[in-house]
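Visitor: Just dropping this structure here.
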Amino acid sequence: MKAAAMVLGALVVTTSLAGCRMDAPNGNVPNVGGKVVRVVDGDTFIASVDGKEKTVDLLNVLAPVDGDQAECLGAEATKHLKSVLREGDKVRLQYDDDLPPKRKENRAAAFSAGVFVNEEVAEAGFAVAEKDSPNNPYYDRVLAGQQKAQQRGDGLFDGSRDCTVASTVQPVMKRMKAVPTSTPLSVEAADTMVSDLESIVSDGVAAKEALAGMQVPEGSAQAVVYAAERPRWDKQIATTIAAAKKRLDSVEGEQKKLVAEKKAEEKRKREEAAAERAAAERAREREEAAAEAKAKAEAEKEAQEEAAKESKEAEESKKAKESKKAEESKKAEESKKSKSDKGDGKKP
């Protein structure tokens, strides 16, 4: 009977475990239910399972370290996981081919409210895929999430965040894309483009050197990103530098042409202005000469009129004098005659 009981017990345990494995999506891994107690960092949280608190590391997930020696986006990764796994949330833990008691580390896939947490944190850009178990059953899904974040440039792949590896090269490439591809139409526009392109070449070379000599913490999320992205970034930054140099040569050619055209135009305008000034000077001289001639003619006319007036007045004065003299002579004659007649009348 004791042997039979042992067989029966073994059968019950086996049946129980089989049922547990059948609940899993792939039918061969165990599931454990629990509740979230608190989030520790970007890939670790505390869960209450069967009345006991257990530390759970997200399987096949590597997030940046948070805390006193926080890595790039470590605090942000923690904050993000807290938004996904809130205190008291129900969580289902799914393992690979070993039951939790047999594992040295409690690594699991976490499902909460229909969300596959391991994949979600990677897709948000706050973690990367890591092979950290014998079977790595969730690596491909986490990697797919990581690649989506990579394509969007989120989180650890965001070049606008100063601490990321991407920030070393992406700003330069972004600036290159912003340079107009059209031919500059003015010297000022060409000068601006030449300055921008020279800066891009200089910064691109510096970014290439910085990328080659970059030191990232070994075994960190940044190290995974660096290893995965460096070949592509090396190629892209080299392509960017080459494109900037080629564009710079072209724009400098246009710049010289525009400068020559501007100088020719400025010379033409100076010559036109000089011709206009000369014409204006000649016109002024003509106007002054005409005004002078007119003034002289008017002065001569006034002089002539004054002379004629004086001559007329002199003539009239002369005539008046002659008339007066004649009148006086006539009166004298008449007086003389009168006296003579009176004298003749006194004779006997």
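Visitor: Using only alpha carbon positions, build the gyration tensor of the stretch 61-193, then give the equivalent ellipsoid semi-axes as the square roots of 5 times its eigenvalues, largest first, whole angstrom.
Guide: On the way: eigenvalues 339, 44, 35 Å².
Whole-Å semi-axes of the equivalent ellipsoid: 41, 15, 13.
Visitor: Could I ask something else about it? When the accessible area of the chain is computed with all protein chains present and a 1.4 Å probe, what percentage of it is carbon and sulfur?
Guide: Working: 11590 of 22120 Å².
The C+S portion of the solvent-accessible surface of the chain is 52 percent.
Visitor: Could you tell me which trypsin sites (Lys or Arg not before Pro) in the stretch 43-87 are loop residues by DSSP with no more than 14 other beta carbons within 10 angstrom of their beta carbon? Display every interim value, and only then the final one.
Guide: Values: sites: LYS52, LYS54, LYS79, LYS82, ARG86; in loops: ARG86.
Within the stretch 43-87, the qualifying trypsin sites (Lys or Arg not before Pro) (loop, at most 14 other Cβ atoms within 10 Å) are ARG86.
Visitor: Do you know the relative contact order of the chain, to the nearest whole percent, from alpha carbon pairs under 8 angstrom that are 6+ apart?
Guide: Details: 427 pairs, mean separation 38.2, N = 348.
Relative contact order, the chain: 11 percent.
Visitor: With a point put 7 Å past each Cα toward its Cβ, work out how far LYS330 is from LYS301 in nm, to one decimal.
Guide: For LYS330 paired with LYS301, the spin-label model returns 4.2 nm.
Visitor: Another question, if that's okay. Name the residue, out of ALA274, ALA303, ALA320, whose mean-square fluctuation peaks in a Gaussian network model built on the chain with Cα pairs under 10 Å.
Guide: Among ALA274, ALA303, ALA320, the largest mean-square fluctuation in the Gaussian network model of the chain belongs to ALA320.
Visitor: Given Cβ point charges of +1 (Lys, Arg) and -1 (Asp, Glu) and nothing else, what value in debye, to the nearest 20, does the dipole of the stretch 140-285 about its Cα centre take?
Guide: 320 debye
Visitor: Right, next: Just the number please: accessible area per residue for the chain, 1.4 Å probe, all protein chains included, in Å².
Guide: Working: 22120 Å² over 348 residues.
Accessible surface, normalised per residue, equals 64 Å².
Visitor: If you don't mind, another one. Over the Cα atoms of the chain, compute the convex hull volume and normalise it per residue, giving Å³. Numbers along the way, then the final one.
Guide: Working: hull volume 103.5 nm³, N = 348.
About 298 Å³ per residue, rounded to a whole number.
Visitor: Turning to a different aspect of this structure: Please find, in a Gaussian network model of the chain (springs between Cα atoms separated by less than 10 Å), the residue of GLU261, GLU306, GLU71 whose mean-square fluctuation is greatest.
Guide: Fluctuation is largest for GLU306.
Visitor: Roughly how big is the stretch 54-97's charge dipole about its Cα centre, with Cβ charges of +1 (Lys, Arg) and -1 (Asp, Glu), in debye to the nearest 20? Intermediate values should be presented prior to the final figure.
Guide: On the way: 6 positive and 9 negative charges, 64 e Å.
I would put it at about 300 debye.
Visitor: Suppose every K and R has +1 on its Cβ and every D and E has -1 on its Cβ; what is the size of the dipole of the chain about the Cα centre, in Debye to the nearest 20? Don't skip to the end; give the middle numbers.
Guide: Values: 60 positive and 64 negative charges, 304 e Å.
I would put it at about 1460 debye.
Visitor: Here is a follow-up. With label points built 7 Å along Cα→Cβ from the Cα atoms of GLU261 and LYS148, find their separation and express it in nm.
Guide: Output for this residue pair reads 5.1 nm.
Visitor: Order ASP140, ASP132, ASP162, most accessible first, counting only protein heavy atoms with a 1.4 angstrom probe.
Guide: On the way: ASP140 115, ASP132 35, ASP162 145 Å².
Most to least solvent-accessible, the answer reads ASP162, ASP140, ASP132.
Visitor: Ordering GLU276, GLU254 by how much accessible area each has at a 1.4 Å probe, largest first, what is the list? Kindly include the intermediate steps, with their values, before the conclusion.
Guide: On the way: GLU276 125, GLU254 55 Å².
Putting GLU276, GLU254 in descending order of accessible area: GLU276, GLU254.
Visitor: Something else: If each of MET214 and ALA278 carries a label point 7 Å out from its Cα toward its Cβ, how far apart are those two points in nm?
Guide: 6.7 nm
Visitor: Compare the Cα positions of GLY114, SER186, PRO171 along the charge dipole of the chain (+1 at Cβ of Lys, Arg; -1 at Cβ of Asp, Glu; about the Cα centre) and return the one farthest towards the positive end.
Guide: SER186
Visitor: Rg and Dmax in Å for the stretch 200-323, alpha carbons only: what are they?
Guide: 44.1, 143
Visitor: Highest first, please rank the peptides 150-159, 209-218 by the mean number of other Cβ atoms sitting within 10 Å of their residues.
Guide: Details: 150-159: 19.5, 209-218: 11.7.
Descending mean neighbour count gives 150-159, 209-218.
Visitor: For the ranges 195-204, 174-183, what's the packing order if you count other beta-carbon atoms within 10 Å of each residue, average per peptide, and put the highest first? Could the numbers behind the result be given before it?
Guide: On the way: 195-204: 18.2, 174-183: 12.4.
Per-residue mean Cβ counts within 10 Å order the peptides as 195-204, 174-183.
Visitor: Something else now. Mind telling me which of GLN146, GLN69, GLN222 comes out most flexible in a GNM of the chain, alpha-carbon contacts under 10 Å?
Guide: In this elastic network of the chain, the residue with the biggest mean-square fluctuation among GLN146, GLN69, GLN222 is GLN69.
The values are calculated or read from the model by the stated rules, or taken from the named source; none is laboratory data. Everything numeric in this text was worked out from a predicted model, so none of it was measured. Neighbour counts run over all protein chains shown; Cβ positions are idealised from the backbone, glycine included. What goes into the accessible areas is simple: the full protein's heavy atoms, side chains included, and nothing from ligands, DNA or RNA. Shrake-Rupley method; radii C 1.70, N 1.55, O 1.52, S 1.80 Å.
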